[in-house]
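These notes concern the structure reproduced below.
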Amino acid sequence: MIDSISLVGFLVLGIIGWITYKIYIWPNYISPLRKIPGPPSENPFFGNIKTFMKEESGEPQLRWIKKYGNIIKVHGIFNEPIVFVADPKIIQDISVTRAYDFIKPPGLLADSIAVAGRGLIYAEGDDHKRQRKMINPAFTHSKIKEMVPRSIPIVMTLKGLIEDKINRGESNINLTPYISEATLDIIGLVGFNCEFNSLKSPNELAEAYDSLMCSPVNAINIISNYAPFVRKLPLEVNKKFRKECSIIDRESKKLVEERCKEAENGELKKNDLLSIIINTNRTLPIEEKISKEELKYQIKTFLVAGHESTSVSICWALYYLSQNLHEQDLLREELVKAFPDKSKFNPTFDELNSLEYLNCVIKETLRLASPATSARRTNTKDEVFGDYYIPKDTIIMMAISVLHRLPEIWGSTADNFVPKRWLDPSLAKNTSNLIYLPFLNGPRSCIGNKLALTKIKILLCMLIRNFVFKPIEGFHIRKRIIPVTKPDPYLGLDVSVVES
Ligand code: HEM
């Protein structure tokens, strides 16, 4: 008879054996991925994660790909092998040719789905195709064009707030909250016909997003994706996370209810993303319609995807322009020519798109500080990448930020901010949408890219036309993933008014 002490002993030994197998024997001696070169694991429980957390966003993978080649393996939590790919042909296969064979890793999405729901960004297969087809009409050229004049009052509110600060004698300004609130207010208006007014007064939704997006990634963020029960533990960080998610859920549900009621009463306005989607939905056969729950997820998706990535892109553009004052002057010259009287700033969509240097500055910013450093996928079938066998269910990262920095593509100035490179016709020949991927490519590329670029252009245009941005002496800004690549601790710049 085995007594209970021996039973516990067997159990403990079994658990130790299983953990040893999982974090040591399997990745080092059994997994076919062991043949892929890459940095050695630094820790059996955290793999190479600490290096990712410690260094500037995108730097470790760039260094390793330069050292080991364009297909590498790094170690994640519990030493799980993760494959990084910087081979344009393989990336094309994953993102374009066979996009539906590579899904977003279900095991790594628990927190993201809690925030954004299963809207377009996390739908898969036929569900994704159905949602994308019906959401596409909301993002056409003509719809985005109409959104420009509607955004101007928000842009002018932001201008007034910065001027007030300067008039009060404060020239060292933390611009992160202002830009984040302005982009949230714009997406509220053009997305849902809703005035969040977060620039003017404290707003629960803006605070919830701010807290979710600005808190540095912590151990619970990482572990909960592998062990979802961790989110259920009675910890302060979990209570806060749940509260913020429930605010976003409640507000999104309220918006859907309001707009659906307006649609039933024939009072629906037709100029915001949600109304366009509701109107399209009403025309579809029952099997293609999206439910109210899915509509709510789209709002949450647009709020997360449409707000934070745009706001950080503007922050990085200002950062690079403050570090490269000559480029800032060149851009301002273009803007002064286009808008000689700054008190009558009211650009149209076509005027914004005709600004060549502004376009170069934005392209260069998205090259050097792509909000998404990589796009995660997992293969639903066994694959072969180059010489390596990739078994089904491997975590694969398309290394966007690495492709944007490889000297063999971008030359000796790959690491520098050089907007005028985009005026060089030979660049257009050498680069393609396989190596410059801030919005990814293929059926899962960013549906909001035109809207994003328009928002960035309006805000940047107003900011550079009206203000001069310089670095604050002794204040250092780093690139950190929190969870998109953000200026850390914040975008603090010395700001003064453009006199003429
Ligand atoms: C500079 C700003 C932006 C950048 C750099 C950006 C980048 C991206 C990237 C790289 C993806 C692909 C993610 C993946 O598949 O792993 C994506 C998807 C997506 N983005 Fe954006 N985005 C931006 C702004 C926006 C805006 C303004 C919206 C909408 C209001 C938006 C909505 C979406 C949606 C819905 C998806 C999922 C598309 C799908 O799976 O079919 N994004 N974005």
| field | Test: residue in segment 185-201 that is under 19 Å from the mean Cα position of the chain (by Cα) and within 21 Å of ARG465 (Cβ to Cβ) | value | yes
| Mind checking whether some residue in segment 327-334 is outside any loop (DSSP other than H, G, I, E, B) and either open to solvent by 60 Å² or more (accessible area, probe 1.4 Å) or without any contact (Cβ under 8 Å) to a residue 12 or more places away in the chain (or both)? | yes
| query | Any residue at all in segment 392-402 that is over 18 Å from the mean Cα position of the chain (by Cα), within 15 Å of the ligand (Cβ to nearest atom) and not small (Gly, Ala, Ser)? | reply | yes
| note | Subset of segment 130-174, residues surrounded by 13 or more Cβ atoms within 10 Å (Cβ to Cβ), basic (Lys, Arg) and within 16 Å of the ligand (Cβ to nearest atom), comes to ARG130, ARG132, LYS143, LYS145, ARG150
| query | In this structure, is GLU204 under 24 Å from LYS486 (Cβ atoms), open to solvent by 80 Å² or more (accessible area, probe 1.4 Å) and touching a residue at least 24 places away in the same chain (Cβ under 8 Å)? | reply | yes
| query | Which helices (runs of 4 or more DSSP H) does segment 4-88 wholly contain that include 2 or more residues that are over 23 Å from PRO371 (Cβ atoms) and within 28 Å of the chain's Cα centre (by Cα)? | reply | 59-68
| task | Hey, can you tell me all the residues within segment 207-225 that are of a type in the set (Gly, Ala, Ser), modelled with pLDDT under 80 and open to solvent by less than 30 Å² (accessible area, probe 1.4 Å)? | result | SER211, SER224
| query | Given the conditions (1) of a type in the set (Ser, Thr, Tyr); (2) outside any strand (DSSP E or B); (3) within 21 Å of GLN323 (Cβ to Cβ), which single one is not true for THR454? | reply | (3)
| Restricting the first residue to segment 94-105 and requiring it to be farther than 21 Å from GLY386 by Cβ, which pairs with a second residue that is of a type in the set (Lys, Arg) and assigned to a helix (DSSP H, G or I) meet a Cβ separation below 9 Å and a spacing of at least six or different chains? | TYR100/LYS129; TYR100/ARG444; LYS104/ARG444
| Within segment 433-466, how many residues turn out to be over 22 Å from HIS307 (Cβ atoms) and either open to solvent by less than 30 Å² (accessible area, probe 1.4 Å) or out of contact with any Pro (no Cβ under 7 Å at 6 or more places or on another chain) (or both)? | 8
| request: Select, from ILE30, ILE19, ILE25, ILE91, the only residue that is surrounded by 18 or more Cβ atoms within 10 Å (Cβ to Cβ) and β-branched (Val, Ile, Thr). | output: ILE91
| query | Pairs, please: C-beta under 7 Å, at least 6 apart or cross-chain, first residue under 15 Å from ASN79 (Cβ atoms) and in segment 9-29, second loosely packed, with under 14 Cβ neighbours inside 10 Å and modelled with pLDDT under 90? | reply | ILE23/PHE45
| message | Checking the structure you have, find out if any residue of segment 110-124 is outside any helix (DSSP H, G or I) and exposed (fewer than 15 other Cβ atoms within 10 Å of the Cβ). | response | yes
| said: Can you pull out every residue in segment 55-82 that is surrounded by fewer than 17 Cβ atoms within 10 Å (Cβ to Cβ) and at pLDDT 95 or above? | reply: ARG63, LYS66, LYS67, TYR68, GLY69
| note | Within segment 291-321, residues being more than 10 Å from the ligand (Cβ to nearest atom) and modelled with pLDDT under 85 number 0
| query | Restricting attention to segment 158-198, which residues are aromatic (Phe, Trp, Tyr) and over 19 Å from LYS450 (Cα atoms)? | reply | TYR178, PHE196
| message | Looking for something within 16 Å of the ligand (Cβ to nearest atom), in contact with a helix residue (DSSP H, G or I) (Cβ under 6 Å, 6 or more places away or on another chain) and touching a residue at least 24 places away in the same chain (Cβ under 8 Å) - is there at least one such residue anywhere in segment 407-419? | response | no
| query | Can you name the number of the only condition in (1) under 22 Å from SER57 (Cβ atoms); (2) part of a loop (DSSP other than H, G, I, E, B); (3) within 16 Å of the ligand (Cβ to nearest atom) that ILE447 fails? | reply | (1)
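The values are calculated or read from the model by the stated rules, or taken from the named source; none is laboratory data. Source: prediction; values computed, not measured. All Cβ positions, even for glycine, are placed from backbone atoms using ideal geometry, and neighbour counts span all protein chains on display. When the accessible area is computed, the model is the full protein with side chains, heavy atoms only, and any ligands, DNA or RNA have been set aside. Shrake-Rupley method; radii C 1.70, N 1.55, O 1.52, S 1.80 Å.
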